[in-house]
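Single-structure report; data block below.
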Amino acid sequence: MPDQPRLTPQEQADLVAFLDGELTGDARRAVETKISLDPAVRAEAATLKKTWDLLDFLPKPAPSPSFTNRTMEKLAPIRARAALRSPRPFLVGAGWAAALLAAVAAGYAGVGLLARPPANPDQDLTRDLRVIENKRYYDRVDDLDYLKQLNQADLFGDDAGS
Amino acid sequence: MASTGETSAQLALRDPDVRLMLRVRADEVGAFEELVEQFQHRLIAVMHHLVGDATEAEDLAQEVFLRVYRARHKYRPRSKFSTWLFTIANNLALNSLRSRQRKPTTPLAVHDSGPLGPRPQEQLVRDHHSGPTQKVQREELAAVIQEALAGLNERQRAAVVLNKFEDMKAVKSLLSRARMNLRAALSGYVYMNGQPVPEAEDETDE
């Protein structure tokens with residue numbers, strides 16, 4: 001009877017991976033060496049493989065004959081709910097039409113704003129002409145009250161100019 | 001992301017299952033039914049190995065298909081379709097087993113086919129040339145293997161079943177511990193030719 005190999009969990013995992021053909025390179029060669037040198041490891045590998053092959057004896061239960069029909073019947077309410085949730089084609093069309101109209105209206109308004117002629121600068125000059133002509137006087141006074149005082153006739157007397 | 005797109009396209013071209021699922025995603029008439037027909041045998045077998053009950057296995061398989069349908073528009077062909085399908089199956093089976101643990105019920109015998117009764121296809125590996133004694137031996141062996149499988153914890157069982165029957169990758173250490181435990185449970189049945197049986201350590205991953 002081969003001695004029970006004292007494999008670490010890592011060595012066990014490597015042995016299983018080796019049996020599944022998942023080890024490559026140095027890891028694979030290391031396990032191959034252990035198997036060839038240690039009869040206990042060799043026996044362990046053989047037992048693991050035989051145990052794995054035993055699973056092929058498990059029964060393969062087949063679906064009941066009505067399985068597909070029953071599954072499709074369960075699907076029906078899901079499809080019905082999905083159909084209710086999905087938008088109807090004519091609503092989708094109406095939505096697109098409304099979006100198109102809104103875009104056209106926005107474009108028209110934008111073009112109107114951009115195309116408006118700029119204000120005439122001569123109009124501004126005409127409106128402010130009086131202020132411009134008297135600007136040199138306005139510069140000399142601090143505020144409007146002082147200007148009004150200057151305008152009073154009795155400030156310098158009636159003969160001031162005589 | 002161009003390389004991902006190329007990979008997906010290549011996968012779709014190579015894997016007919018992916019092409020079928022893409023037809024389901026496109027809501028092609030009849031595609032989903034075809035998918036159910038195509039995968040129900042594998043799915044129910046795996047579910048049966050995972051939960052140990054034929055009726056529950058069918059119910060869960062149905063739920064897997066319905067989830068696939070609900071998620072069809074989110075499906076992206078990044079890997080094998082079966083990997084996606086059996087990942088959903090595994091999650092559902094684990095949830096069901098955990099729910100069963102919270103609400104203890106009387107478990108069915110591992111060979112029970114449920115209320116639908118035994119089905120011819122549910123028999124063991126059929127060998128028309130073997131006699132009744134060999135058939136009984138095979139049935140007994142199958143029952144022992146099912147019990148050994150049922151003795152693993154949920155994660156180990158899922159790792160074994162999906163790796164063995166669907167070639168899905170599992171965490172190396174988890175699969176290793178599961179196989180060591182199976183080896184211990186089945187050691188008396190592996191060496192039936194008089195060869196001595198090596199002792200095995202009883203380990204769990206928890």
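The values are calculated or read from the model by the stated rules, or taken from the named source; none is laboratory data. No experiment lies behind these values; they were computed from the predicted model shown. So basically every Cβ, Gly included, is an ideal-geometry build from the backbone, and we count neighbours across all protein chains shown. Keep in mind that these areas ignore ligands, DNA and RNA; they rest on the heavy atoms of the full protein, side chains included. Shrake-Rupley method; radii C 1.70, N 1.55, O 1.52, S 1.80 Å.
Would you mind working out the magnitude of the charge dipole of region A:9-55 relative to its Cα centre, with +1 at each Lys and Arg C-beta and -1 at each Asp and Glu C-beta, to the nearest 20 Debye?
About 140 debye.
Just flag the GluC sites (Glu not before Pro) in region A:19-63 sitting in loop per DSSP whose Cβ has no more than 14 other Cβ atoms within 10 Å.
Passing sites in region A:19-63 are A:E22.
List the accessible area buried at the contact between B and A, summed over both sides and calculated with a 1.4 Å probe, in Å² to the nearest 100.
5000
Tell me, in nm to one decimal, what length is gained between A:Y146 and A:R79 on full extension, where the rule is 0.36 nm per residue of separation less the Cα-Cα distance?
Computed gain between A:Y146 and A:R79 is 15.3 nm.
Report the accessible area of B:L35, computed with a 1.4 Å probe over the heavy atoms of all protein chains in place, in Å² rounded to the nearest 10.
For B:L35, the solvent-accessible surface is approximately 0 Å².
Once the whole set of protein chains is in place, how much accessible area is left on B:M47, using a 1.4 Å probe, in Å² to the nearest 10?
0
Quick check on region A:3-105: take the gyration tensor over C-alpha atoms, sort the square-rooted eigenvalues as a ≥ b ≥ c, and tell me if it's rounded (a/c under 1.5), prolate or oblate.
Oblate, since a/c reaches 1.5 and b/c is not below a/b.
What list of whole percents do you get for P(r) of region A:9-55, with Cα-Cα distances grouped in 10 Å bins up to the one holding the largest distance?
Here the calculated profile for region A:9-55 is 28, 60, 12, 0.
If you take each beta carbon of peptide A:9-17 and count the beta carbons of other chains within 10 angstrom, what is the mean?
Partner-chain Cβ atoms within 10 Å, mean over residues of A:9-17: 5.
Across the Cα atoms of region B:53-102, what radius of gyration and what greatest pairwise Cα-Cα distance (Dmax) are found, in Å?
11.9, 36
Among the lysines, which have Cα under 22 Å from the Cα of A:K148 when same-chain residues fewer than 8 positions away are ignored?
Filter leaves A:K135.
On a straight-distance basis, which lysines could pair with A:K60 in a cross-link, Cα separation under 22 angstrom, same-chain partners fewer than 8 positions away excluded?
Once the sequence-local lysines are set aside, what remains near A:K60 is A:K49, A:K50, B:K135, B:K164, B:K169.
Would you kindly derive the ³J(HN,Hα) couplings of region B:89-95 from the backbone phi angles with the Karplus curve 6.51 cos²θ - 1.76 cosθ + 1.60 (θ = phi - 60°), listing them in order in whole Hz, with x for Gly and Pro?
4, 4, 4, 5, 5, 5, 4
Take every residue in peptide A:67-75, count the Cβ atoms of other chains within 10 Å of its Cβ, and give the average of those counts.
6
Report ³J(HN,Hα) in whole Hz for each residue of region B:63-77, in order, from the Karplus equation J = 6.51 cos²θ - 1.76 cosθ + 1.60 where θ = phi - 60°; Gly and Pro get x.
Here the 3J(HN,Hα) series is 5, 4, 4, 5, 5, 4, 5, 4, 8, 4, 6, 9, 5, 10, x Hz.
Just to make sure I understand: if all protein chains stay in place, what is the order of A:W52, B:W84 by accessible area at 1.4 Å, largest first?
Ranked list, largest accessible area first: B:W84, A:W52.
Near the amide H of A:D20, under 5 Å away, which other amide H atoms are found, from residues 5 or more places off or on another chain, if H is placed in the peptide plane?
none
Which ³J(HN,Hα) values, rounded to whole Hz and listed in residue order, are derived for region A:101-107 from phi using the Karplus coefficients 6.51, -1.76 and 1.60 in 6.51 cos²θ - 1.76 cosθ + 1.60 with θ = phi - 60°, glycine and proline given as x?
Here the 3J(HN,Hα) series is 4, 4, 5, 5, 5, 5, x Hz.
Would you mind giving the mean number of other chain beta-carbons within 10 Å of the Cβ of each residue in B:30-41, as a whole number? All intermediate terms of the calculation are to be shown ahead of the outcome.
Numbers: counts 0, 0, 4, 5, 1, 0, 8, 4, 0, 0, 6, 5.
Counting other chains' Cβ atoms within 10 Å and averaging over B:30-41 gives 3.
Among all the lysines, which ones have a C-alpha under 22 Å from A:K74's C-alpha, if same-chain residues fewer than 8 places away are not counted?
B:K74
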